[in-house]
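Here the structure comes first, spelled out in structure tokens, and everything after it is commentary.
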Amino acid sequence: MNYKNFPMVPRVIFGRGSFSQINDVLSPKRSSIHAPFIFLIDDVFKNNTWLISRIKLSYDDKIIFVSTKDEPKTTQVDELVEDIIVKSKARPSGIIGIGGGSLLDLAKAVAILITNEGEAKDYQGWDLVKNPAIYHVGIPTISGTGAEVSRTAILTGPKLKLGINSDFTPFDQVILDPELTRDVAKDQWFYTGMDCYVHCVESLNGTYLNEFSKTYGEKSFELCKEIFLSDTISEEESQDKLMMASWHGGMSIAYSQVGVAHAMSYGLSFLLGVKHGIGNCLVFDHLDEFYPEGVAIYKQMKAKHGIELPQGICKNLSDEEFDIMIGVALSLEPLWENAIGKNWKETITPEKLKGLYKKI
Ligand code: NAD
Ligand code: ZN
């Protein structure tokens, strides 16, 4: 048995309003006046002075607003890196990602590609990164993905949607300020929140489960039930709790793995561009046979919040398109092994997946 030696985020701040400490956190990390901090920020905040005015830009520091219309792509990382290198007099002092999972993953990937030659697609996979990334900071503005704590930066490349999984991927610093999530739209809050819930269900019901993953997973699962099912929880309490549920959910899968919903959701995302949170929800609706208790509770949560998912999105797909989705899903072997066990190939066949996809 070879036990994983998992790197963790070494520094973290938690608290409502803690985002205001950003300048104090960064200033000792500036390597020279020519080495800027580059802020990659979700463009939903472009005109949000409440957030942006708290960032004090000095010297050549720069904000780059990034659209999250599509999930991050390897080519987008390459373009950002090129732009940053060409326009900076020296290697940047750091990359700061502010936004949801999309921005957090972009920031991690850009920080890696600044010190590693080649293109982002070359590093999709496990432990392909050779040099440490530059200093990078993650500041989530929506809770659920666990990207703030994870060892991966998930990117859609020419061939696959696959993470840059490496010891150099995790952030050097995270700022958890639940107040930053206050303006998230209700549907999006639910979809990204369910990403966390599904992480817990898949981790807690997987064959890779161990006490490390279980303790984090159980706490996160408990918090999710409170957040999404309680009638008395206040908005602030719910924001605080979901931010910590996301962190714990991420910690849980760090030492286990996700499962059926994630494998199938990656297929949907690759072929149809369906985003991760809603993709998990679409798939999870039909996974009673794998996660009976988890799916029943999920359906209660969905009903309580009046969430309506799109229907029939796979209805008119061709056989070739089904094959692409199925190919992506089946390529994620560790997810199936975790979900079903070592003999997963006996039951998880292309026909089986086609039957499930057809229901979506
Ligand atoms: P996201 O980052 O794509 O953002 C979703 C939407 O919410 C966007 O429209 C964004 O503009 C908006 N938004 C974010 N913060 C807001 C705020 N405070 N107020 C108003 N609107 C706000 O969504 P996500 O679900 O957080 O992330 C999904 C991405 O994360 C996917 O690309 C997925 O692959 C990735 N992911 C990564 C990991 C990991 O461990 N690295 C884990 C799970 C998912
Ligand atoms: Zn996920």
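The values are calculated or read from the model by the stated rules, or taken from the named source; none is laboratory data. Note that the structure is predicted; figures quoted are calculated from it, not measured. Counting neighbours? That spans all protein chains shown, and the Cβs are built from the backbone with ideal geometry, glycine included.
Condition check: touching a Gly at 6+ places or on another chain (Cβ under 6 Å) and either of a type outside the set (Gly, Ala, Ser) or closer than 27 Å to GLY15 by Cβ (or both). Does SER230 satisfy that? No; evaluated as a whole, the condition is false for this residue.
When each of TYR135, TYR123 is tested for being touching a residue at least 12 places away in the same chain (Cβ under 8 Å) and under 23 Å from LEU57 (Cβ atoms), the lone residue that passes is TYR135.
Could you tell me whether any residue of segment 199-206 is outside any helix (DSSP H, G or I), assigned by TED's automatic domain parsing to the domain that holds ILE253 and under 19 Å from GLN257 (Cα atoms)? Within segment 199-206, one or more residues are outside any helix (DSSP H, G or I), assigned by TED's automatic domain parsing to the domain that holds ILE253 and under 19 Å from GLN257 (Cα atoms).
With respect to the conditions (1) within 15 Å of the chain's Cα centre (by Cα); (2) surrounded by fewer than 21 Cβ atoms within 10 Å (Cβ to Cβ); (3) β-branched (Val, Ile, Thr), ILE278 falls short on a single one, namely (2).
Do we have any residue at all in segment 107-123 that's closer than 27 Å to PHE228 by Cα and either at pLDDT 95 or above or not basic (Lys, Arg) (or both)? Within segment 107-123 (the criterion being closer than 27 Å to PHE228 by Cα and either at pLDDT 95 or above or not basic (Lys, Arg) (or both)), the answer is no, since none of the residues qualifies.
Restricting attention to segment 25-39, does a residue exist that is assigned by TED's automatic domain parsing to the domain that holds ASP167 and over 18 Å from TYR135 (Cα atoms)? Looking for residues that are assigned by TED's automatic domain parsing to the domain that holds ASP167 and over 18 Å from TYR135 (Cα atoms), one finds none in segment 25-39, hence no. Taken across segment 226-244, residues that are touching a residue at least 40 places away in the same chain (Cβ under 8 Å) and within 13 Å of ligand 2 (Cβ to nearest atom) do not occur at all. Scanning segment 37-44 finds no residues that are surrounded by fewer than 19 Cβ atoms within 10 Å (Cβ to Cβ), free of Cβ contacts under 8 Å to residues at least 40 places away in the same chain, within 24 Å of LEU242 (Cβ to Cβ) and within 16 Å of ligand 2 (Cβ to nearest atom). Of the strands (runs of 3 or more DSSP E) lying entirely inside segment 112-193, those containing at least 1 residues that are among the hydroxyl-bearing types (Ser, Thr, Tyr), crowded, with 16+ Cβ neighbours inside 10 Å and in contact with an Asp or Glu (Cβ under 8 Å, 6 or more places away or on another chain) are 152-156. The helices (runs of 4 or more DSSP H) located wholly in segment 252-351 that include 2 or more residues which are touching a residue at least 60 places away in the same chain (Cβ under 8 Å) and closer than 28 Å to ASN165 by Cα occupy 260-272, 276-284, 319-331, 333-340. Just one of the numbered conditions (1) within 16 Å of ligand 2 (Cβ to nearest atom); (2) at pLDDT 95 or above; (3) crowded, with 18+ Cβ neighbours inside 10 Å is not true of LEU332: (2). Contact annotation: residue pairs with Cβ atoms under 6 Å, 6 or more positions apart or on different chains, pairing a residue in segment 62-85 that is within 21 Å of LEU26 (Cβ to Cβ) with a partner that is of a type in the set (Lys, Arg) and in a loop (DSSP other than H, G, I, E, B), are PHE65/LYS46. Among the residues making up segment 14-47, those that are touching an Asp or Glu at 6+ places or on another chain (Cβ under 8 Å) and within 14 Å of ligand 1 (Cβ to nearest atom) are ARG16, PHE19.
Evaluated against (1) more than 11 Å from ligand 1 (Cβ to nearest atom); (2) modelled with pLDDT of 95 or more; (3) surrounded by fewer than 21 Cβ atoms within 10 Å (Cβ to Cβ), PHE221 falls short on exactly one condition, (3).
Of all the listed residues (LYS121, LYS108, LYS130, LYS159), the sole one being of a type in the set (Lys, Arg), outside the structural domain of GLN239 (by TED's automatic domain parsing) and within 8 Å of ligand 1 (Cβ to nearest atom) is LYS108.
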